[in-house]
Amino acid sequence: MAQLWGGRFTKETDQLVYNFNASISFDQKFYEQDIRGSIAHVTMLATQGILTEEEKEQIIEGLQGILRDVQEGTLEISDKYEDIHSFVEATLIDRIGEAGKKLHTGRSRNDQVALDMKLYTRDEIDALDDLLKELLKVLLQIMKDNTETFMPGFTHLQKAQPITLAHHMGAYFEMFHRDRLRLTDIYDRMNYCPLGSGALAGTTYPLDRNLTAELLGFYGPTLNSMDSVADRDYLIELLSAMSTIMMHLSRFSEEVIIWNSNEYRFVEIDDAYSTGSSIMPQKKNPDIAELVRGKTGRVYGALMSLLTTMKGIPLAYNKDMQEDKEFVFDAIDTTKGCLALFTGMLRTMRFNKDVMENSAKNGFTNATDAADYLVNHGVAFRDAHGIVGQLVLYCIEKDIALDDMTIEEYKAISPVFEEDIYEAISMKTCVDKRTTIGAPSKESMEKVIKIYENYLH
Ligand code: ARG
């Protein structure tokens, strides 16, 4: 047991209490941020004349040494310390002596941990954003290659109207683009520095909070010292944004799983991203997509957990808040892992373009266009709808597609049909005629692709 406090105690802490209270097993994850924050704090203390230049030099050198040694693996973060803050301070005092004891001047672990968590979150938001950007790049490439790869668009998981693979991927591009915007938004709202708030009521030292905020890349200092040490909103927002990312990945995974099934065969997942069965030799399973879908529950769980932890906490700091870390760390690692793996799977996935196009043809996805053909030849839409319904019934009985009917068969149902019906209901025409912005025609898609290209470069 090694604590930063103890002066007012007459008894040793019970070992079980100590273990229950300690956070070093997980908060060591932000040792780098803890040291970065301390260096800024000490730099400011010296500018304000609270520490001498020499003390500052000594402390910073000591802190940098600790950072280097931990990174190189020559200094082990020992769990005999209560938390990462205690470990760094105790190690510093051990190494440089008296000056080290001044590190914590004008600071509490409450504002320190608030700072560390913010620095950590900020770094991780950047990492998440990079991964989203990678995913968007892969999506854009698939879009560029497939503006004329026809496939059925679905509603109710029933074939509805023809679209292209580019159009389908574009829907996900939109989702993951919004996910990036959400991250930027969270970053902008949280990027204010809590350091200098002390335990809850600021400090009596003449700290320059603007300086520390600036040194650490924040927009400025937070404006209320109680809120500074008690705010975990940004973590809840991040968990919510990550839950949304996971929800998107999960929907996409579900589609990949369906598309990869023997019944659909729209895609083939690369061998490197699939797994086999221990008993059924023929199996090639989409485990990565299934795991991504499954892990979504973990991230939702973290969001619920932190919302619940925070709901009854009076101001200002309470130890409940230590519970923010494990769930947030796990949710971040999970989301990052899923993004990276999903992107790899998508990049290497093969699309069976013929199967997709045939599926669109055989699913009467051009039925709306057949009805529109009649309308263009003077038939009222409701009547046209009825006529095409008869065509579909006829095709189902004969097990053929609308495209396979002879012109005589067409005319037998309605004399309005002419030879140009085949052209009118071809996949290419059905898609090409949908030229409004956001629709699947090559023309519309190329405009959108340009916008996406500019956005990603
Ligand atoms: N390990 C603590 C946490 O994560 C650090 C803050 C401790 N502050 C306190 N007043 N006990 O929240």
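Read the figures in this text as sums done on the coordinates, not as results from a lab. As the structure is a prediction and not an experimental result, all values here were calculated from the model. Note: ideal-geometry Cβ built from the backbone for every residue, glycine included; neighbour counts use all protein chains shown.
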Revision key, fill the gap. Under the 7 Å Cα-to-Cβ spin-label approximation, residue 412 and residue 383 lie apart by a distance in nanometres of 2.2
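Sort 117, 247, 242 by Cβ crowding within 10 Å, fewest neighbours at the top.
247, 117, 242
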Review point. Hey, if you put +1 on the Cβ of every Lys and Arg and -1 on every Asp and Glu Cβ in segment 336-449, which of 402, 415, 435 ends up farthest toward the positive end of that dipole?
Key: 435
Revision key, fill the gap. With a ≥ b ≥ c from the Cα gyration tensor eigenvalues, square-rooted, and the rule rounded for a/c under 1.5, otherwise prolate when a/b > b/c and oblate otherwise, segment 348-395 is prolate
Exercise for review: Counting other beta carbons within 10 Å of each Cβ, put 323, 408 in order, fewest first.
Suggested key: 408, 323
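Determine one quarter of the surface area of the Cα convex hull of segment 134-216, which equals its mean projected area, and express it in nm² to one decimal.
If you wrap the Cα atoms of segment 134-216 in a convex hull and average its projections, you get 9.4 nm².
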Check your understanding: Tell me, what is the percent relative contact order of the chain, built from C-alpha pairs under 8 Å that lie six or more residues apart?
Key -> 16
Exercise for review: Report, in degrees rounded to the nearest 10, the 0 to 90 angle that the Cα long axis of helix 353-362 makes with the longest principal axis of the chain.
Suggested key: 50
Exercise for review: Arrange 328, 138, 17 by Cβ neighbour counts within 10 Å, fewest through most, would you?
Suggested key: 17, 138, 328
Check your understanding: Full extension from residue 98 to residue 15: what is 0.36 nm times the residue separation minus their Cα-Cα distance, to one decimal in nm?
Key -> 26.9 nm
Check your understanding: At what distance in nm do the modelled label points of residue 204 and residue 270 sit from each other, each positioned 7 Å from its Cα along Cα→Cβ?
Key -> 6.4
Check your understanding: Over the chain, what number does the Rg to Rh ratio reach, with both radii from the alpha-carbon atoms and Rh per Kirkwood?
Key -> 1.16
**Study point:** Reachable aspartates and glutamates from residue 56, criterion Cα separation under 19 angstrom, eight or more residues apart if same chain
**Key:** 32, 34, 89, 94, 98, 208, 214
Exercise for review: Provide the descending list of Cα extents for segment 271-417 along its principal axes, expressed in whole angstroms.
Suggested key: 80, 48, 26
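Rounded to the nearest 20 debye, what is the charge dipole size of segment 12-64 about its Cα centre when +1 sits on each Lys and Arg Cβ and -1 on each Asp and Glu Cβ?
So the dipole magnitude of segment 12-64 works out to roughly 240 debye.
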Practice item. Would you work out which of 67, 186, 100 lies farthest towards the positive end of the dipole of segment 46-186? Charges go on Cβ: Lys and Arg +1, Asp and Glu -1. Key: 186
Review point. Hey, which lysines would be in cross-link range of residue 398, C-alpha to C-alpha under 22 Å, not counting anything within fewer than 8 residues on its own chain?
Key: 159, 361, 411
Study note, to complete from the structure: Partner lysines whose C-alpha sits under 22 Å from that of residue 133, ignoring same-chain residues fewer than 8 away, are 144, 295, 336, 447, 450
Review point. For a paramagnetic label modelled at 7 Å from the Cα of residue 375 toward its Cβ, which residues of segment 142-158 fall within the zone defined by backbone nitrogen distances under 19 Å?
Key: 153, 155
Point to revise | Positive-pole candidate from 348, 2, 310, dipole of the chain, charges at beta carbon | key: 310
**Study point:** the chain - charge dipole about Cα centre, Lys and Arg +1 at Cβ, Asp and Glu -1, debye rounded to 20
**Key:** 560
Point to revise | Gyration tensor (alpha-carbon) shape descriptor, segment 130-171, a/c threshold 1.5 | key: oblate
**Study point:** Rounded, prolate or oblate (a/c below 1.5 giving rounded, otherwise prolate when a/b exceeds b/c) for segment 1-138 by Cα gyration tensor
**Key:** oblate
Point to revise | Alpha carbon convex hull of segment 187-305, projected area averaged over orientations, nm² | key: 11.4
Revision key, fill the gap. With +1 at each Lys and Arg Cβ and -1 at each Asp and Glu Cβ, the charge dipole magnitude of segment 271-345 around its Cα centre, to the nearest 20 debye, comes out at 160
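D for segment 44-92, whole µm²/s, Stokes-Einstein with Kirkwood Rh over alpha-carbon pairs at 37 °C and 0.692 mPa s: what number?
277
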Study note, to complete from the structure: Cβ-Cβ cut-off under 12 Å around residue 371, Lys and Arg +1, Asp and Glu -1: the net charge is -2
Review point. Label points 7 Å out from Cα along the Cβ direction at residue 79 and residue 392: separation in nm?
Key: 6.2
